[in-house]
Amino acid sequence: MLHELRLTKINPNMTAAVVECVYAATGSMLKMGDKLCDLSVDLSSGFSQYCPPISYFRVVSREKVWFRKILVAPGQSCNVGDLMAIFSTEPDELVDGAAARPLRITTAGIAHHSGMWSASGT
Amino acid sequence: MTALALTCGSLAADGFVIRRSGMHWLRGDGYVCRPNEVVGYCNISLDQVSGQRSGNFPLADEMELHVAFAPPVAGCLRIADGRSPGGYLNTLGLHVWNSDDVLAHLEKPSEGDQSAQPASVEMRLLMIAGRRMSALADTNIGILPGWHSRSRAWWCDRSGNELSTLLCMGVCDAAGVVRGNETPFVEAFEATPSAAQLVYVPDHPIVPCAPILLEQLMRSPAQNEAIAADLSRGLTNGRVAPDSNDWMFAGALLASLQNSPMRDRYDVLTPTGLQHLGPANTILMSLNSEVRSILRHKKLGYAAQMLRHRQTAAGPAVRSWLASEFEPIRRSIDDIKRDYRQLIDAVAAQTGARILILNRMSTSGFEDITSYVSFDAPMSDTLENIAAKEMNLMLHDLALECDVSIVDVDAIAAELGGSQNLPDGIHHSAAMQAMVRSEVVHILNS
């Protein structure tokens, strides 16, 4: 059975998020509580002339799955609804089919850290 | 209906002639205004009275100087043609200030014996002053246009009481409370009829966190010179060619490091003449300013921290200098508490000012944590909400130890609705700003 991770609205005013880092490696097995990725949400939609209202979030898996395919990379901006990754319950399952449901995840507000894509340029 | 003439009102500065520009109306003819609602403004300037010489030219470093006008009573505003010539005549001080000049009329429903009603009333005057970051920043349209290293405002009343001063040294959460987000200061003063001066010092380029404010307060002229010489060497050492952004950033950085706004004294214009005020009575700070990691200069030892979006405003030479000459210093919560304590003690000794600190919003409607197993200890290093709760608790401990007052943003946001009014934990909605402003006034009056 396939599960998908799409960018959902963490904040009602957001339209997009930037992938700050990806923790899991494709092909690996994830257990409940494993980190998937960190995201940044800029509610000013990038109008950088003002103090940007940026929040950072960590996405964590809430179930045991195989991480099969990643469609995003650090620094990439995703729109709400975009497909970010595909997971399967079996390690060798074909991933070109339709996902049965979204991956069950936890989202938590986190502090900015040096491992993030946005930290690399400053 | 009766028509009340709205006159300029009294404004005086001994030894100086006050000149004003034409009127900028913020509200149109026929607008129904509330009491104390600002409806227009003009620019003013001071000229020395002929034959007099003064070594001290008041407000000389505040090149933006406005008077905003507010009718003291409600009514329908009537603005006669020709009261506002427009163009540069609304910028330059062409008219000598005359308290009897009629600026507009106010129509009110007739009440009782009309012969007993006054024919005119003085406008209430809100003085607004801005010190430019550079004299080059002379945008001359609007209230407080351009770039200011300090701005302030006060009701210019005849109360006879000395003004008390609230100095805002915070980031966006505190700035919005004091300066508002519409016309600068007007939201705060329309809600605050008391005799107070509000002063705002921006957070660019330096974050006003406790160790930096303490060093500003204690730094000697020799240390200031050493900082300037080192910065100059950093920009001209040939490693990275500085561009115009570097020089402007460096100038603002130096101005910020070498001054302590907490020691500033103020000249204020009043209806009866100039008053000279001492340093701020109250300092408003943000817990959000107290970042866990600050930069410290490797050789000179001073602290300098900039918000990340400010650093991107610097050019390549400043960024290279910051990377090579500074090292990040991690602060524990105990370190932050110690830094606060040292600042509070130093301020008490030097100026006696009272400190108010806005705490942090410590909850979020945007998370769905069902288990904390995923997050390594100490969780406050990762999870913002836990970090905010620990910082808020530290502030309570601090308030038990010394004279500091907490403005409970956390409780106000929870009551008002954080997701709608404080979506990123630092930028408030207008409703949130109004409630925090009201809480600040309540604390000051208690």
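The values are calculated or read from the model by the stated rules, or taken from the named source; none is laboratory data. This one's a predicted model, so the numbers in the text were calculated from it and none came from an experiment. Cβ placement follows ideal geometry from the backbone for every residue including glycine, while neighbour counts extend to all protein chains displayed.
A few notes on this one:
- Those residues of region B:69-101 which are surrounded by 15 or more Cβ atoms within 10 Å (Cβ to Cβ) and in a strand (DSSP E or B), in sequence order: B:PHE69, B:ALA70, B:GLY75, B:CYS76, B:LEU77, B:ARG78, B:HIS95
- Search result, residues across region A:87-103 that are within 14 Å of another protein chain (Cβ to nearest Cβ) and either on the phi > 0 side of the Ramachandran plot or surrounded by fewer than 15 Cβ atoms within 10 Å (Cβ to Cβ) (or both): A:PRO102
- Selection status of B:ILE426, away from chain A (no Cβ under 12 Å), closer than 18 Å to B:GLU290 by Cα and not in a helix (DSSP H, G or I): no
- From the options A:LYS31, A:LYS69, residue that is within 14 Å of chain B (Cβ to nearest Cβ), basic (Lys, Arg) and on the phi < 0 side of the Ramachandran plot: A:LYS31
- Single residue of A:SER44, A:SER118 found to be free of Cβ contacts under 8 Å to residues at least 40 places away in the same chain and under 28 Å from B:ASP381 (Cβ atoms): A:SER44
- Within the set B:LEU125, B:LEU136, the sole residue that is in a loop (DSSP other than H, G, I, E, B) and modelled with pLDDT of 85 or more turns out to be B:LEU136.
- Matching entry among A:SER44, A:SER55 (being of a type outside the set (Phe, Trp, Tyr), in a loop (DSSP other than H, G, I, E, B) and within 14 Å of another protein chain (Cβ to nearest Cβ)): A:SER44
- Candidate set: region B:283-336, residues that are of a type in the set (Ser, Thr, Tyr) and surrounded by fewer than 22 Cβ atoms within 10 Å (Cβ to Cβ); chosen: the one modelled with the lowest pLDDT: B:THR312
- The listed residue being closer than 24 Å to A:PRO52 by Cα, in contact with a His (Cβ under 8 Å, 6 or more places away or on another chain) and within 11 Å of chain A (Cβ to nearest Cβ), out of B:ARG310, B:ARG319: B:ARG310
- Residue match in region B:181-196 (condition: modelled with pLDDT of 95 or more and in a loop (DSSP other than H, G, I, E, B)): no
- Selection from region B:373-397 of residues that are facing chain A (nearest Cβ under 9 Å) and not in a helix (DSSP H, G or I): B:VAL373, B:SER374, B:PHE375, B:THR382, B:LEU383
- Counted residues, region B:345-365 - those being over 26 Å from B:ARG437 (Cα atoms) and either of a type in the set (Ser, Thr, Tyr) or crowded, with 19+ Cβ neighbours inside 10 Å (or both): 0
- The sole residue among B:SER10, B:SER50, B:SER45, B:SER21 that is in the same structural domain as B:ALA129 (by TED's automatic domain parsing) and crowded, with 19+ Cβ neighbours inside 10 Å is B:SER21.
- If you go through region B:413-446 and keep only what is aliphatic (A, V, I, L, M), free of Cβ contacts under 8 Å to residues at least 40 places away in the same chain and surrounded by 22 or more Cβ atoms within 10 Å (Cβ to Cβ), you end up with just B:MET432.
- Against the numbered list (1) of a type outside the set (Ser, Thr, Tyr); (2) over 12 Å from B:SER362 (Cα atoms); (3) more than 23 Å from the chain's Cα centre (by Cα), B:MET391 comes up short only at (2).
- With respect to the conditions (1) within 14 Å of chain A (Cβ to nearest Cβ); (2) free of Cβ contacts under 8 Å to residues at least 60 places away in the same chain; (3) under 22 Å from B:GLY40 (Cβ atoms), B:PHE185 lacks only one, and its number is (1).
- Apart from one condition, B:GLU162 fits all of (1) surrounded by 20 or more Cβ atoms within 10 Å (Cβ to Cβ); (2) assigned to a loop (DSSP other than H, G, I, E, B); (3) not aliphatic (A, V, I, L, M); the exception is (1).
- Selected residue [in contact with a strand residue (DSSP E or B) (Cβ under 8 Å, 6 or more places away or on another chain) and over 28 Å from B:HIS427 (Cβ atoms)] from B:ALA195, B:ALA222: B:ALA195
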